Amino acid sequence: CCSIRDARRAVMARATDRLVERSAPPGEVLVRQGEPGDSFYVILDGEAEVWVAGTAGDGPVLVNRLDDGDSFGEACLLGEGHRTATVVMTTPGRLLVLGQADFDALLRPPMVEEIEAMAARELIARGAALLLDCRQAPEYETSHITGAHAVSLDRLRHDGIFELDPEATYVVYCDTGRRSRAAAFLLHERGIRALSLAGGLTRWPYAVSGSSV
């Protein structure tokens, strides 16, 4: 299996002609939580912090630190709609930026592979793939595909990736396929093969487990 760095280099190689390089001073807010997203970023040099708004009026919480080679912004472009965190440069840096249209044209088709329910079920039955539910815990508890391991999209962006087998193939699902496409992209970028379940649970015609059944 390829390394995280090798996977990222493969992404960048496909997008070379469309990437825009720019500098960023310390303190610059690259993306802000809650705002619409229109770009995918790779840090060439420098360091940044990832902050998420606290609950019940609490201040923002530092959830991650990024440095050379790290990327962000793909989940929003793959269907999440709005930025889920604020990213702030803490040192001078250089960035590669890919806009929405170029992201769709260059990254989406080769980097996110979808699979229909019947084919996914056959793959899992043969032991050729594992199921991964990328929704939040309450959603999983209400209804999920039997045998699925639960790691939310938010956790996959941080430490949840370490719960997975880097040698395995995963069929990732959510309710509609939007979050699972983002999750599959994240896994692919980190060198793990992942297929997004087309249409998610809304198009899964087989029995599910959970408190709602």
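Here are the numbers for the structure shown:
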quantity: Residue in region 27-40 that is in a loop (DSSP other than H, G, I, E, B), of a type in the set (S, T, N, Q) and open to solvent by less than 80 Å² (accessible area, probe 1.4 Å) present; calculated: yes
quantity: In region 41-85, the residues that are open to solvent by less than 20 Å² (accessible area, probe 1.4 Å) and among the β-branched types (Val, Ile, Thr); calculated: Val42, Ile43, Val50
quantity: Wholly enclosed helices (runs of 4 or more DSSP H) of region 99-189 bearing at least 3 residues open to solvent by 50 Å² or more (accessible area, probe 1.4 Å) and modelled with pLDDT of 90 or more; calculated: 117-125, 137-142
quantity: Hits in region 86-97 (condition: open to solvent by less than 30 Å² (accessible area, probe 1.4 Å), closer than 20 Å to Arg18 by Cα and not small (Gly, Ala, Ser)); calculated: Leu95, Leu96, Val97
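The values are calculated or read from the model by the stated rules, or taken from the named source; none is laboratory data. Quick caveat, the model's predicted, so the values are computed rather than measured. The accessibility values were calculated without ligands, DNA or RNA, using every heavy atom of the protein model including side chains. Shrake-Rupley method; radii C 1.70, N 1.55, O 1.52, S 1.80 Å.
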